Amino acid sequence: MSVLVVGSIALDTIETPFGSVKDTVGGSATYISAAASYFFSPIRTVGVVGGDFPREGIAFLEDRNVDLEGIETIASGKTFRWSGRYHYDLNERDTLSTDLNVFEKFDPKVPERYRKSRYVVLGNIDPVLQQRVLNQMENPRVVICDTMNYWIDRKGAELRETLKRINILILNDSEARLLSREPGLIKAARVIRGFGPSVVIIKKGEHGALLLTETMVFSAPAYPMETIFDPTGAGDTFAGGFAGWLARTDDLSEENLKRAVIYGSTLASFCVERFGVEGLRDLTYLQIQDRFRQFRELSRFDED
Ligand code: AMP
């Protein structure tokens, strides 16, 4: 088995009611790769950074045993930057700025030895770049895709082209409504499935996630967190944990898709406990298993 991840590698400036941080390492590819690496290793990552990307960002991925051959450095360019501010309701976030920088002219080159990767995770990134990566792949078994309102608004037609070529789409509730133009999430998922992906996962922040296939709706709870420090990257971490579990098991049955959703939620719960990528730095398998089991207890009840 083999897993390729493409997405943004970023310097994020984040404000939450509990603190702020400037130019911290982030990006969809960073969170996805780190989360997936707990189940599958090495993760192959494709992305681009500028000459200003700090050594500690690379070291973080190296420590997670991520294969970095696919990460290009444009020494004369600046790394992608994003900044956001969270409200007291941490499900609410305003994007303050998005500077594509080196992503503006990025032409992803998938290294020869990555091209037969069986699992491909298209992290949140320009849908045109997502397609250019797919064009270089040789017959992947599963393509999982994440996106966000930024791209639905600006590159809706291009995103619809990407959707024709993927198997599983992961997005949040407001993005699902925006993409489908349907207010109800069950109907929204049906519309989105009509665009291409046979499986749709709708994340609902601290309210859990829905997994929808042609024959099933599975509602996963969210882990009731005592402290949420910084929700940045929770969605990408969910996607990474989900994809990593699927690749580890290589089992696409409905029961295993459910497990993958819970593993994604488990990893996301660790992510939000610390600022930036810190929550994904050094988890143990036991910690992950322990929290995975707690998810089952959350919604178990006796009939009488
Ligand atoms: P999430 O909180 O899971 O939605 O993801 C947050 C991460 O997405 C941050 O680390 C950002 O750097 C990255 N990000 C934000 N906007 C974009 C965008 N338009 N394209 C690619 N990545 C982005």
Which one of these does ASN172 not meet: (1) surrounded by fewer than 21 Cβ atoms within 10 Å (Cβ to Cβ); (2) within 14 Å of the ligand (Cβ to nearest atom); (3) of a type in the set (S, T, N, Q)?
-> (1)
Restricting the search to region 155-188, which residues are among the small types (Gly, Ala, Ser), more than 18 Å from the chain's Cα centre (by Cα) and closer than 23 Å to VAL120 by Cα?
-> GLY156, ALA157
Sort through ALA209, ALA188, ALA234, ALA222 and tell me the only one that's more than 25 Å from PRO140 (Cβ to Cβ) and open to solvent by less than 20 Å² (accessible area, probe 1.4 Å).
-> ALA188
Would a scan of region 246-267 turn up a residue that is part of a helix (DSSP H, G or I), buried (at least 20 other Cβ atoms within 10 Å of the Cβ) and more than 18 Å from the chain's Cα centre (by Cα)?
-> no
From ALA10, ALA35, ALA29, ALA59, which residue is away from the ligand (no atom under 15 Å from the Cβ) and among the small types (Gly, Ala, Ser)?
-> ALA59
The condition from (1) outside any helix (DSSP H, G or I); (2) among the acidic types (Asp, Glu); (3) buried (at least 17 other Cβ atoms within 10 Å of the Cβ) that GLU182 misses is numbered (3)
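Just give me the residues in region 268-304 being outside any helix (DSSP H, G or I) and open to solvent by 50 Å² or more (accessible area, probe 1.4 Å), in sequence order.
GLU273, ARG274, ARG281, ASP282, THR284, SER299, ARG300, PHE301, ASP302, GLU303, ASP304
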Of these, GLU278, GLU254, which one is within 16 Å of the ligand (Cβ to nearest atom) and of a type in the set (D, E, K, R)?
-> GLU278
List the pairs whose first member sits in region 165-192 and is at positive phi, whose second member is open to solvent by 30 Å² or more (accessible area, probe 1.4 Å) and at pLDDT 95 or above, and whose Cβ atoms are under 8 Å apart, counting only residues at least 6 apart or on separate chains?
-> ARG181/VAL191
Wholly inside region 1-104, strands (runs of 3 or more DSSP E) that include 1 or more residues that are buried (at least 23 other Cβ atoms within 10 Å of the Cβ) are 3-6, 10-16, 19-26, 44-50, 80-86
Taking the condition without any contact (Cβ under 8 Å) to a residue 12 or more places away in the chain and either open to solvent by less than 40 Å² (accessible area, probe 1.4 Å) or under 22 Å from THR237 (Cβ atoms) (or both), does GLY196 pass?
-> no
Out of ILE152, ILE170, ILE144, sole residue that is modelled with pLDDT of 95 or more and not in a strand (DSSP E or B) = ILE152
Would you mention how many residues in region 118-137 are part of a loop (DSSP other than H, G, I, E, B), of a type outside the set (A, V, I, L, M, F, W, C) and either within 16 Å of the ligand (Cβ to nearest atom) or surrounded by 22 or more Cβ atoms within 10 Å (Cβ to Cβ) (or both)?
-> 3
The residue that is farthest from GLU161 (Cα to Cα), considering only those in region 88-103 that are out of contact with any Phe, Trp or Tyr (no Cβ under 9 Å at 6 or more places or on another chain) and within 16 Å of the ligand (Cβ to nearest atom), is ASP89
Would you mind telling me which numbered condition in (1) among the hydroxyl-bearing types (Ser, Thr, Tyr); (2) farther than 25 Å from THR95 by Cα; (3) without any contact (Cβ under 8 Å) to a residue 60 or more places away in the chain SER269 fails?
-> (2)
When LEU159 is evaluated against the numbered criteria (1) within 14 Å of the ligand (Cβ to nearest atom); (2) in contact with a strand residue (DSSP E or B) (Cβ under 8 Å, 6 or more places away or on another chain); (3) not hydroxyl-bearing (Ser, Thr, Tyr), which criterion, by number, is the only one it fails?
-> (2)
Of the residues in region 41-69, how many are hydrophobic (A, V, I, L, M, F, W, C), over 15 Å from the mean Cα position of the chain (by Cα) and closer than 13 Å to VAL5 by Cβ?
-> 3
Given the residues THR232, THR249, THR237, THR227, which is the only one that is modelled with pLDDT under 95 and polar (S, T, N, Q)?
-> THR227
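The values are calculated or read from the model by the stated rules, or taken from the named source; none is laboratory data. Note that the structure is predicted; figures quoted are calculated from it, not measured. All Cβ positions, even for glycine, are placed from backbone atoms using ideal geometry, and neighbour counts span all protein chains on display. Areas reflect the complete protein model, heavy atoms only, side chains present, ligands, DNA and RNA absent. Shrake-Rupley method; radii C 1.70, N 1.55, O 1.52, S 1.80 Å.
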